[in-house]
Amino acid sequence: RTQDRESCILIEGGVEFARNLEVGREISKEAVFQLISKAKKAGLVLQPENTQHPHFVCCCCGCCCGVLSAAKLFSKPAEYLHSNYFVRVEVEKCKLCETCLERCPMGAFRRTNDHIEVSLDRCIGCGACIPTCKAKAIQLIRKVKVKVPPKTGMDMYKNIMLERFGWLGTLKIAAKAVVGTKV
């Protein structure tokens with residue numbers, strides 16, 4: 001779906017990383033906002049690094065992005081992609097144009113008789129459906145229980161290790177890495 005090859009925006013430390021690899025190009029803050037606006041209009045999902053100080057924002061479509069296309073295979077993608085939002089359709093405003101059905105990368109919308117329904121198990125709260133809803137019938141709603149992202153990427157990976165292996169397992173892996181044995 002994406003015709004534009006500029007799909008990742010690197011920030012701060014990410015810029016230095018790309019510069020060292022000699023990929024990408026440096027652009028102004030205004031140009032970044034233009035790319036983000038273009039991505040929203042195209043129905044791309046803006047996916048920043050899951051930290052309080054992200055080093056990148058990916059602009060992804062549901063057919064090309066590995067993360068989104070893999071999540072779409074699950075019956076409940078919302079369980080795997082963390083967002084503090086979900087969408088709600090105001091039935092009385094909806095004109096049944098079905099644009100949201102086409103734009104949703106997770107297939108969270110469906111038409112049921114005379115209205116559109118959202119599956120909260122499939123909705124990842126990306127908001128890709130909102131810019132083209134001419135009736136302004138779709139809103140992003142903040143979840144009651146929000147998740148605060150970790151401060152840094154290193155904190156994020158520590159949290160993943162702890163969730164996956166617990167304290168003891170994480171310590172074992174760290175010890176192996178320190179002494180240079182196979183992890």
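The values are calculated or read from the model by the stated rules, or taken from the named source; none is laboratory data. What you see is a predicted model; the values in this text were computed from it and never measured. Ideal geometry is used to build each Cβ from the backbone, glycine not excepted, and the neighbour counts take in all protein chains shown. Ligands, DNA and RNA are excluded from the accessible area calculation, which covers all protein heavy atoms including side chains. Shrake-Rupley method; radii C 1.70, N 1.55, O 1.52, S 1.80 Å.
Pick from Val67, Val91, Val23: which is open to solvent by 60 Å² or more (accessible area, probe 1.4 Å), outside any strand (DSSP E or B) and farther than 24 Å from Cys8 by Cα? Give the steps one after another, and end with the answer.
Working: Val67 fails: farther than 24 Å from Cys8 by Cα; Val23 fails: farther than 24 Å from Cys8 by Cα.
When all the criteria are applied, what remains is Val91.
Scan segment 132-152 for residues that are open to solvent by less than 70 Å² (accessible area, probe 1.4 Å), of a type outside the set (A, V, I, L, M, F, W, C) and either within 25 Å of Cys104 (Cα to Cα) or touching an Asp or Glu at 6+ places or on another chain (Cβ under 6 Å) (or both) and jot them down.
So the first thing to find is which residues in segment 132-152 are open to solvent by less than 70 Å² (accessible area, probe 1.4 Å), and the list is 132-133, 135, 137-138, 141, 143, 146, 149-150, 152.
Next cut, of a type outside the set (A, V, I, L, M, F, W, C) only: 132, 143, 149-150, 152.
The answer is Thr132, Lys143, Pro149.
Quick one: which of Leu46, Leu73, Leu81 is open to solvent by less than 40 Å² (accessible area, probe 1.4 Å), modelled with pLDDT of 85 or more and not aromatic (Phe, Trp, Tyr)?
On the way: Leu46 fails: open to solvent by less than 40 Å² (accessible area, probe 1.4 Å); Leu73 fails: open to solvent by less than 40 Å² (accessible area, probe 1.4 Å).
When all the criteria are applied, what remains is Leu81.
Which of the residues that make up segment 26-37 are not β-branched (Val, Ile, Thr) and not in a helix (DSSP H, G or I)?
Narrowing segment 26-37 to residues not β-branched (Val, Ile, Thr): 26, 28-31, 33-35, 37.
Glu26, Ser28, listed by residue number.
Between a residue in segment 38-59 that is part of a loop (DSSP other than H, G, I, E, B) and any residue that is surrounded by fewer than 17 Cβ atoms within 10 Å (Cβ to Cβ) and hydroxyl-bearing (Ser, Thr, Tyr), which pairs come within a Cβ distance under 6 Å, given they are 6 or more apart or on different chains?
Within 6 Å, the pairs are Thr51/Thr152.
When both residues are 6+ apart or on different chains and their Cβ atoms are under 9 Å apart, which pairs have a first residue that lies in segment 71-82 and is within 16 Å of Cys60 (Cα to Cα), and a second that is of a type in the set (Phe, Trp, Tyr) and assigned to a loop (DSSP other than H, G, I, E, B)?
Ala71/Tyr80
Tell me whether segment 171-182 contains one or more residues that are at pLDDT 95 or above and out of contact with any Ser or Thr (no Cβ under 8 Å at 6 or more places or on another chain). Before the answer, list the steps.
First, pick out the residues of segment 171-182 that are at pLDDT 95 or above: none.
No - not one qualifying residue is present in segment 171-182.
Restricting to segment 103-122, give me the number of residues that are under 24 Å from Ser69 (Cα atoms) and either in contact with a helix residue (DSSP H, G or I) (Cβ under 6 Å, 6 or more places away or on another chain) or assigned to a strand (DSSP E or B) (or both).
Total meeting the criteria: 10.
I'm checking my understanding of the structure. Among residues of segment 103-118 that are β-branched (Val, Ile, Thr) and under 10 Å from Val89 (Cα atoms), which one is farthest from the chain's Cα centre (by Cα)?
Checking each candidate, the answer is Ile116.
Please verify whether segment 32-43 includes one or more residues that are crowded, with 18+ Cβ neighbours inside 10 Å, in contact with a helix residue (DSSP H, G or I) (Cβ under 9 Å, 6 or more places away or on another chain) and closer than 29 Å to Ser119 by Cβ.
yes
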